[in-house]
1. For the chain, give the share of DSSP beta bridges that are antiparallel, in percent and rounded to the nearest 5; count only bridges with both residues there.
2. Might you work out the accessible area of His36 for me, using a 1.4 Å probe with all protein chains in place, and round it to the nearest 10 Å²?
3. Roughly how big is the stretch 159-262's charge dipole about its Cα centre, with Cβ charges of +1 (Lys, Arg) and -1 (Asp, Glu), in debye to the nearest 20?
4. Local charge sum around Asp53 (other residues, Cβ-Cβ under 15 Å, Lys/Arg +1, Asp/Glu -1)?
5. Mean-square fluctuation check for the chain, GNM, Cα pairs under 10 Å: which of Gly95, Gly172, Gly146 is largest?
6. For the stretch 216-256, build the charge dipole from Cβ charges (+1 Lys, Arg; -1 Asp, Glu) around the Cα centre, then report which of Tyr222, Ser242, His232 sits farthest towards its positive end.
7. Would you compute, from DSSP H runs of 4+ residues alone, the mean residue ellipticity of the chain at 222 nm, taking -39500 (n - 2.57) per run and dividing by the full residue count, rounded to the nearest 500?
8. Compute the acute angle (0 to 90°) between the alpha-carbon long axis of helix 8-20 and the principal axis of greatest extent of the alpha-carbon atoms of the chain; round to the nearest 10°.
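The values are calculated or read from the model by the stated rules, or taken from the named source; none is laboratory data. The structure presented is a predicted model; accordingly, all values stated were derived computationally and were not measured. As a convention, Cβ positions derive from the backbone with ideal geometry for all residues, glycine included, and neighbour counts pool all protein chains shown. These accessible areas exclude ligands, DNA and RNA; they are computed on the full protein's heavy atoms, side chains included. Shrake-Rupley method; radii C 1.70, N 1.55, O 1.52, S 1.80 Å.
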Amino acid sequence: MPTPAGMCVEVFLKCCEVIERTVLIVRETRRDKEFHFQNWVEARLDESGAAHDPGGRNSFPDFTLVHQPEGYEVKGLGWPGRQANYDSNSRVPTGLHNGRTVFYVFGRYPSDPSTNEYPVIDLVICHGDFLNANHDYVHENRSFRGFGSYGDLLVRDRKMYVAPTPFALTEGTTGQKTLIVPEDFPLDPRLEPVGRLVRTETEKLIVGYSFNLTSNTLTPSYAPNPAAGKEHGFVALRRKGSSTGTVTMAEAGRVEDTEEDE
C-alpha cells in the first residue's frame, strides 16, 4: 500500500528485502547489457504492489505507476567500471515529468560476472531533484540542411546529457541500500535518517551553445541564475536497524574532475 510519501518507500523496502535474501539479477545472455537490472527492478515493483504501465524502449521514465503519480527511471552500473556519471540520452534528469514524481533507481552489480546470475552490490533510489531540480527545460532535437560540398547534407543537433550518479555525489552509499528524498517528505516509521544532504544552485545557467564546424569547438553561453545560492535539502534514509554509517555530500571535485566519455 502507498505511504503518505507514495510508493517509493514500499519499492525501496522491497529492494532491501530481496538484496538481503540474495535474489539475483538474471540476464538472458551476455549480450543483455541493458534490461537485466531493469527486469530485476520491475519484479520489485510487482512484488511491492506498484501497478505500472509497461515501459517502451525509449519511454521516460522506464516505469510509470498506474494508481500514483510516480515514475521510476532505472540505471544499472557495472562494478568496477564507470561510476561517477552516466549518459542520459536525450533526457535531462528531473524530479517531475508530465505531472509525475520521478525516482531514479541506481544499482551496482559485478561488471564481468562469470555466470548469467549475479547479485546487486549496492542500491540508491533517489528523487530526481537530487540530480537536477529544474522542471522547466524541454528537450528538443533540431536540424538544418545545407552542409557539405553539395549543400544537401543534414546536420542534426541531438543532445546527450552526462549526469553524476549518487555514488559520486555522496560519501557513505557504497555497499549500502539508501533512499534519498526531499527533506519535507514524510518520514516512514520503518526508516531512519542517516544524513542530511544539500545541493546549492549554481551562479550561472547555461542557456545556449554554438558549435564551430571549422575548428570543432563548442562554446556555451550563460545567464545569471535567478535562484543562485538556493539550497535544496534532502535526507538519506535506510531501513531501521540496518544502518552502518552516515551519508554526506562528497567533495565537488570528485564529480567535476571525472573525464567524460566522448
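1. Among the beta bridges of the chain, antiparallel pairing accounts for roughly 75 percent.
2. The accessible area comes out at roughly 10 Å².
3. Dipole size: approximately 500 debye.
4. Details: positive: Arg57, Arg100; negative: Glu42, Asp46, Asp62, Glu70, Glu73.
Spelling it out: positives minus negatives among the neighbours equals -3.
5. Its mean-square fluctuation being the largest, the pick is Gly146.
6. Ser242
7. So the helix-based figure for the chain works out to -3500 deg cm²/dmol.
8. Around 70 degrees separate the two axes.
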